[in-house]
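I have placed the structure first, in the form of structure tokens, so that the comments after it can refer back to it.
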Amino acid sequence: MTETSVGGVEALLGAAIRPLAASTFVATFTGAGLGRERGRNVLDKEIYRRFGKPRNSDAHHAYQAVIVQIVLIWEQALLAARSSHGPLLLLPDGARVLATTDPLGELHTLLRV
């Protein structure tokens, strides 16, 4: 995207978090096998692609806060987890979400369990 960092931050902070978590999960883990790792930078790059790259420290910190919130949603739904050495690990429920045609619906179902 070609948004400015201010517009990008406003758009990012205004985005509904669960649909964003579902769609970025699919973008981050498509092609990864069960138990395979993805670097967190893959998620960062997806957020930058959608909302622009933050250009100042306040914007950078806001982006990082939203990215951590997305990872926490993934962990809460048991889709992916942070491993002890940094990368994100695809979990069995995450593999099932990748195989569905409705990742957001599956995310909502898993969060209710």
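The values are calculated or read from the model by the stated rules, or taken from the named source; none is laboratory data. Computed from a predicted structure; not experimentally measured. For neighbour counting, all protein chains shown are included, and Cβ atoms are generated from backbone atoms with ideal geometry for every residue, glycine included. All accessible areas refer to the heavy atoms of the entire protein, side chains included, with ligands and DNA or RNA removed. Shrake-Rupley method; radii C 1.70, N 1.55, O 1.52, S 1.80 Å.
So Ala22 passes all but one of these: (1) open to solvent by 20 Å² or more (accessible area, probe 1.4 Å); (2) in contact with a Pro (Cβ under 6 Å, 6 or more places away or on another chain); (3) at pLDDT 95 or above. Which condition number does it fail?
The one condition Ala22 does not meet is (1).
I'd like to check which helices (runs of 4 or more DSSP H) are fully inside region 28-113 and have at least 2 residues that are more than 20 Å from Ala16 (Cβ to Cβ) and open to solvent by 50 Å² or more (accessible area, probe 1.4 Å).
Working: elements: 40-51, 57-76, 92-99, 103-112.
Of the helices (runs of 4 or more DSSP H) lying wholly inside region 28-113, those with at least 2 residues that are more than 20 Å from Ala16 (Cβ to Cβ) and open to solvent by 50 Å² or more (accessible area, probe 1.4 Å) span 40-51, 57-76, 92-99.
In this structure, is Gly52 of a type outside the set (A, V, I, L, M, F, W, C) and out of contact with any Asp or Glu (no Cβ under 8 Å at 6 or more places or on another chain)?
Numbers: of a type outside the set (A, V, I, L, M, F, W, C): yes; out of contact with any Asp or Glu (no Cβ under 8 Å at 6 or more places or on another chain): no.
Here the answer is no, as Gly52 does not meet what is asked.
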